[in-house]
1. Any chance region 125-134 includes a residue that's in a helix (DSSP H, G or I), touching a residue at least 12 places away in the same chain (Cβ under 8 Å) and closer than 22 Å to Phe204 by Cα?
2. Give the residues of region 225-236 that are open to solvent by 20 Å² or more (accessible area, probe 1.4 Å), under 13 Å from Leu130 (Cβ atoms), not in a loop (DSSP other than H, G, I, E, B) and not aromatic (Phe, Trp, Tyr), sorted by residue number.
3. From (1) farther than 30 Å from Val151 by Cα; (2) crowded, with 17+ Cβ neighbours inside 10 Å; (3) within 15 Å of the chain's Cα centre (by Cα), pick out the condition that doesn't hold for Trp285.
4. Which one of Ala96, Ala68 is under 15 Å from the mean Cα position of the chain (by Cα), among the hydrophobic types (A, V, I, L, M, F, W, C) and buried (at least 21 other Cβ atoms within 10 Å of the Cβ)?
5. I need the helices (runs of 4 or more DSSP H) fully contained in region 4-87, keeping only those with at least 3 residues that are closer than 30 Å to Arg131 by Cα, at pLDDT 95 or above and not hydroxyl-bearing (Ser, Thr, Tyr).
6. What are the residues in region 245-277 that are closer than 21 Å to Thr141 by Cβ, touching a Leu at 6+ places or on another chain (Cβ under 7 Å) and open to solvent by less than 10 Å² (accessible area, probe 1.4 Å), if any?
Amino acid sequence: MLNIRDKGAEIWEGWNRPTRSTFVIGLIAVVMMLPYAGNFSFTNILNTPISSYQAVLVYPVGMFVLMALGLNIVVGKSGLLDLGYVAFFAIGAYTAAIMGTHFHWNTWECLPLGMALAMLSGVLLGLPTLRLRGDYLAIVTLGFGEIVRIVAVNNPSIGGPNGIANVPNPPKTLGVSFGLDHMESFFWVVVIMILLIIWMVRRFTARRPGRAWEAIRQDEDVAALMGVSTLKYKIWSFSIGAAIGGAAGVIFASKSMYVAPDMFSFNISVLILSCVVFGGMGNIWGVILGGTLLAYIPERIRFISNARQFVFGVALVLIMNIRPDGLLPRKKREKITKAGE
C-alpha cells in the first residue's frame with residue numbers, strides 16, 4: 001500500500017524554502033475560504049442536511065480538530081491515556097459563560113482566564129495522578145471528567161442542569177463581526193488558534209520537552225534512568241493540553257451562546273480520543289485529518305437518521321482494521337540491521 005505520508009514528505013523535502021512558503025500560504029488561504037465553499041453549485045455536496053454548513057465547520061469540525069491537537073500532546077506525544085479531556089473543555093466554556101453573563105467580560109478577556117483555569121486544573125489533577133500509568137490513569141481522568149460535569153449539574157449558582165444562557169458573542173474586532181449570521185468569523189478564529197498550536201507543538205517537538213515526551217512515551221522507566229524528570233514533563237504535557245481544551249471551550253460558549261452540563265458528556269472525550277487514534281497518534285497532520293473526518297462525516301450523513309451512528313461505527317471498525325496505526329501514522333525510526341551502518 002502506498003505510504004501517503006512518506007510520499008508527501010519526499011515531495012516536501014524536494015522543495016526549496018520559497019516553494020514551501022508559497023504552498024503553506026496558499027493552503028492557509030484555501031482553508032480560510034472554506035466557509036464559502038458550500039455556496040457554489042459544484043461544491044454543494046459539502047452542505048450538511050440539517051445544520052448550517054458554516055456552523056458545522058466551527059462545531060464540531062473546527063473544535064474537534066482544535067481539541068484533538070491538544071489531546072495529541074497528552075496521548076500521542078507523551079503516551080498518557082486521558083479519558084476526561086472534556087473536563088477542560090467544560091471549564092473553559094463555563095468560565096466564558098460566567099464571566100460574560102455576570103461580569104460582562106468579552107470573549108477575548110475570558111480567553112486567557114479560561115486557558116489559565118483549565119491549565120491550573122490540569123496541574124492539580126496531574127500532580128497526584130500522573131504517577132499512575134495505563135488503565136489506572138485512564139480511570140482517574142475519566143472520573144475527573146464526570147466530577148466536573150456532576151458538579152455543574154448540582155450547582156444552582158451556575159445554572160445547575162439548565163445551564164447558562166445569553167453568553168455574549170465576541171465584540172467586533174478589526175472590522176470583523178461575530179454572531180449567528182457570521183459563522184465564518186468564528187471559523188477564522190479557530191483556524192488561527194490551530195495554526196498557533198501547530199507552530200507551538202513543532203517548536204516543542206524539536207526541543208527538550210519534545211524529546212522528553214518521546215522518551216516517556218517509548219519507555220518511562222528508561223527515561224527516568226537517563227535523567228529525564230518524567231513527572232515534570234508529564235505535567236507539562238497535561239497542562240498544555242488542558243489549556244488548549246480550555247481555549248476551545250471559551251470559543252464554543254461564545255459561539256453557541258449557551259452552555260449546559262449535558263454538552264460535556266463522556267462521549268465527547270471518546271470522540272476526541274478517536275480523532276487522535278483514527279488520524280494517527282503523534283502526527284499533527286494525521287490528527288487534523290482524523291478530527292475533520294470524524295466531525296464532518298456524521299453531520300453529512302444525518303439524512304439516514306438513526307442508522308447514522310451504526311454506519312459510522314462500522315466504517316470506523318473497517319478502516320482501523322485496514323490502517324491500525326491511523327490514516328497518517330507518525331514516522332517510525334528505521335532500525336539499523338546491518339553491522340557498520
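The values are calculated or read from the model by the stated rules, or taken from the named source; none is laboratory data. Given the structure is predicted, the values throughout are model-derived calculations rather than measurements. Here Cβ is always computed from backbone atoms with ideal geometry, including for glycine, and neighbour counts include all displayed protein chains. Ligands, DNA and RNA are excluded from the accessible area calculation, which covers all protein heavy atoms including side chains. Shrake-Rupley method; radii C 1.70, N 1.55, O 1.52, S 1.80 Å.
1. Yes, the conditions are met somewhere in region 125-134.
2. Hits for region 225-236 are Thr230, Leu231, Lys232, Ile235.
3. Condition (2) is where Trp285 drops out.
4. Result: Ala68 is the single residue among Ala96, Ala68 that is under 15 Å from the mean Cα position of the chain (by Cα), among the hydrophobic types (A, V, I, L, M, F, W, C) and buried (at least 21 other Cβ atoms within 10 Å of the Cβ).
5. 63-72
6. Gly246, Ala247, Ala248, Ser269, Ile272, Cys275, Val276
Table: residues versus (1) within 25 Å of Ser239 (Cα to Cα); (2) of a type in the set (A, V, I, L, M, F, W, C); (3) exposed (fewer than 14 other Cβ atoms within 10 Å of the Cβ).
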position: Pro170; (1), (2), (3): no, no, no
position: Thr173; (1), (2), (3): no, no, yes
position: Ser177; (1), (2), (3): no, no, yes
position: Met183; (1), (2), (3): no, yes, no
position: Phe186; (1), (2), (3): yes, yes, no
position: Val191; (1), (2), (3): yes, yes, no
position: Leu196; (1), (2), (3): yes, yes, yes
position: Val201; (1), (2), (3): yes, yes, no
